[in-house]
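Report on the following structure.
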Amino acid sequence: MEITKETAPPPPAVPAAAAHGRRGVTRPGDRIFSGLSRGSGILLLVLMAAIAVFLTVRAANAISQDHGNFLTTFEWDANTTPPVFGIAVLLYGTLVSSVIAMAIAVPIAVGIALFMTHYAPRRLGGPLAYVIDLLAAVPSIVYGLWGALFLVPHLQGLTSWLDQYLGWTVIFDQSNPGTAPRNLFTAGILLAIMILPIITNVSREVIRQVPAAHEEAALALGATRWETIRMSVLPFARSGIISASMLGLGRALGETMAVVTVLSSSDKLTAHILDPGGGTFAANIASHFGEATSLGRDALIASGLVLFVITLLVNGAARVIIARRKEYSGANA
């Protein structure tokens with residue numbers, strides 16, 4: 001029997017709740033949660049803007065009274081008349097120590113994360129993860145004391161070996177062999193130890209999110225365990241590992257007390273990272289803030305503004321790198 005328009009059965013009734021949902025009516029709880037979420041995001045932007053404005057205003061006051069070039073002057077003595085302060089040595093020391101820390105920490109952290117997720121038995125992986133979590137909770141001053149009392153004396157042999165066999169590279173050449181290794185190289189090693197737990201924990205959680213189907217497919221095609229990790233695990237987890245590395249880099253750039261205890265601050269700018277001396281933004285602020293005058297504090301705030309800008313640039317670069325690897329972000333899994 002042909003069903004005509006007149007004899008067709010009426011459409012089923014739509015529940016009132018569904019009808020309201022289709023018209024875009026939201027519940028009070030949803031509106032409250034949406035407002036709180038939006039307000040939190042706006043509050044974060046306001047706080048960042050307030051910090052940027054404060055740093056800029058105070059930095060402008062100091063730079064306007066500087067009798068040298070703020071970007072290229074090596075000396076820092078804002079309490080003299082006329083005041084002189086520059087960030088050349090601080091910028092160099094901050095970047096070099098952070099690069100050394102990242103070069104050491106990132107490969108080791110990714111290796112530990114892969115070991116815990118793909119190689120270590122369960123009875124070993126659990127305690128190892130617990131120990132790494134404890135390392136992340138150790139205060140930075142404790143790392144600094146350990147570095148000053150244990151790491152510095154025991155790095156004497158390593159620095160001598162590097163000077164003997166790799167001194168031709170200029171980077172590992174020691175101008176005064178036998179001196180205590182209170183240098184950027186020691187600071188970089190200490191920073192690497194400090195950021196290692198952060199990068200390891202985040203990388204481990206990201207690697208655990210790799211779909212099992214990806215690894216099983218690679219194994220089914222005859223890939224070895226390392227080939228599976230290289231072709232299936234690392235590409236998928238790359239954006240997360242980059243994010244973990246940026247978190248570690250953020251701590252390395254801003255670390256204060258640990259660097260102060262192992263680094264002999266000086267105004268000397270040299271490519272020999274084994275020579276004592278150097279400095280970082282955070283360590284310089286911590287060392288001079290207590291005795292600084294009003295102008296000196298503005299100068300220290302100006303150096304903090306430079307560190308603030310560097311951190312923003314680093315995080316922005318990380319976001320660009322991650323955006324280029326969207327196919328491995330897990331959204332298409």
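Quick notes on this structure:
- Test: Ser245 is closer than 30 Å to Pro139 by Cβ, touching a residue at least 40 places away in the same chain (Cβ under 8 Å) and assigned to a loop (DSSP other than H, G, I, E, B): no
- For the condition out of contact with any strand residue (DSSP E or B) (no Cβ under 9 Å at 6 or more places or on another chain), in contact (Cβ under 8 Å) with a residue 24 or more places away in the chain, surrounded by 12 or more Cβ atoms within 10 Å (Cβ to Cβ) and not aromatic (Phe, Trp, Tyr), Ala120 does not qualify.
- Within the span defined as the stretch 205-213, every residue fails to be surrounded by 15 or more Cβ atoms within 10 Å (Cβ to Cβ) and among the acidic types (Asp, Glu).
- When the stretch 83-120 is filtered for residues that are more than 18 Å from the chain's Cα centre (by Cα) and within 27 Å of Ser264 (Cβ to Cβ), the ones remaining, listed by number, are Pro83, Val84, Phe85, Gly86, Ile87, Ala88, Val89, Leu90.
- Candidates Gly86, Gly144, Gly111, filtered to the one that is among the small types (Gly, Ala, Ser), touching a residue at least 60 places away in the same chain (Cβ under 8 Å) and surrounded by 12 or more Cβ atoms within 10 Å (Cβ to Cβ): Gly144
- Test: residue in the stretch 320-333 that is at pLDDT 80 or above and either of a type in the set (Lys, Arg) or in contact with a helix residue (DSSP H, G or I) (Cβ under 6 Å, 6 or more places away or on another chain) (or both): no
- Taken over the stretch 85-136, the criterion of being within 30 Å of Phe70 (Cβ to Cβ), at pLDDT below 90 and β-branched (Val, Ile, Thr) is satisfied by Ile87, Val89.
- Residue check, Ser232 surrounded by 20 or more Cβ atoms within 10 Å (Cβ to Cβ), in contact (Cβ under 8 Å) with a residue 12 or more places away in the chain, over 30 Å from Asn284 (Cβ atoms) and not hydrophobic (A, V, I, L, M, F, W, C): yes
- Where a residue in the stretch 197-211 is within 14 Å of Thr117 (Cβ to Cβ) and touching a residue at least 12 places away in the same chain (Cβ under 8 Å) and its partner, wherever it lies, is charged (D, E, K, R) and surrounded by fewer than 21 Cβ atoms within 10 Å (Cβ to Cβ), with Cβ under 7 Å and at least six apart: Asn201/Asp133
- The residues of the stretch 239-280 that are of a type in the set (Val, Ile, Thr) and either crowded, with 19+ Cβ neighbours inside 10 Å or within 21 Å of Ala105 (Cβ to Cβ) (or both), listed by number, are Ile241, Ile242, Thr256, Val259, Val260, Thr261, Val262, Ile273, Thr280.
- Within the stretch 264-323, the residues that satisfy the criterion of being of a type outside the set (A, V, I, L, M, F, W, C), part of a loop (DSSP other than H, G, I, E, B), touching a residue at least 12 places away in the same chain (Cβ under 8 Å) and out of contact with any Lys or Arg (no Cβ under 8 Å at 6 or more places or on another chain) are Ser265, Ser266, Asp267, Lys268, Thr270, His272, Gly279, Thr280, Glu291, Thr293.
- Residue list for the stretch 123-181, restricted to those being in a loop (DSSP other than H, G, I, E, B) and in contact with a Leu (Cβ under 6 Å, 6 or more places away or on another chain): Phe172, Gln174, Pro181
- Residue, nearest to Ser294 (Cα to Cα), within the stretch 32-66, restricted to residues that are β-branched (Val, Ile, Thr) and in contact (Cβ under 8 Å) with a residue 40 or more places away in the chain: Ile63
The values are calculated or read from the model by the stated rules, or taken from the named source; none is laboratory data. All values derive from a computational prediction rather than experimental measurement. Methodologically, a virtual Cβ is constructed for each residue, glycine included, from the backbone with ideal geometry; neighbour enumeration extends over all protein chains shown.
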